[in-house]
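This report concerns only the one structure given below.
Any read-out appearing in this document is the output of simple, stated calculations on the displayed coordinates, not a laboratory observation. This structure is a prediction, so every number in the text was calculated from the model and none was measured. Ideal geometry is used to build each Cβ from the backbone, glycine not excepted, and the neighbour counts take in all protein chains shown.
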Amino acid sequence: MTNSKRAMYPIRTANEGDAKQIARLLTELGHPTAAEAVAARWREWAAGGNTALVAARPDGTLVGVATTHRMVVLHRPKAVGRITSLVVDAGVRGQGIGRALVAAAEHELAAAGCGLLEVTSNQRRTEAHAFYEHLGYERTSLRFFKDLATASSSTDPAARARRGELCKDA
């Protein structure tokens, strides 16, 4: 990959005005997202230690986005950075845009004091896993999630604990 090809898509920090195009890219990634929802969450999201880096055509059209998060955890000596999403428009994949976005995220998070960078990727995205491994990332752990909106059933231990039902005999 030559630098001239990468130079066609400069990377910059995203702003709230990019909401419509970021929503389009996140939808392409498989996370259907409305521009209005991105715009509505933007300020709270940014205040929570999150940023987005975007690659754009000369006309301003976004061709890729990487969203990042920086968090301080008690079990690591330095903050941890995370790429929470990475997507490149299908029409321009294979041109080094994803690699450039990851490199920019690494640089930004290192400058912000992170000592480790994590990437989240759905287990079904095997091509993405190979991409990250090619960039030097290692598979190290599993990630589990629970949809808290649906976890309020009467049999859910967390919901029962919130209601004080688990410790009545203690």
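Were the residues from PHE144 through ARG41 laid out at 0.36 nm apart, the gain over their Cα-Cα distance would be 34.7 nm. Footprinting exposure proxy ranking of LEU26, LEU53, LEU101, LEU74, fewest other C-beta atoms within 10 angstrom first, gives LEU74, LEU26, LEU53, LEU101. Near GLY136: Cβ cut-off under 15 Å, other residues only, Lys/Arg at +1 and Asp/Glu at -1. The net charge is -2. Structural descriptor for region 40-123: relative contact order 28 percent, calculated from alpha carbon pairs under 8 angstrom and at least 6 residues apart. Per-residue extension of 0.36 nm, minus the Cα-Cα distance of ALA111 and ARG76, leaves a gain of 10.9 nm for this segment.
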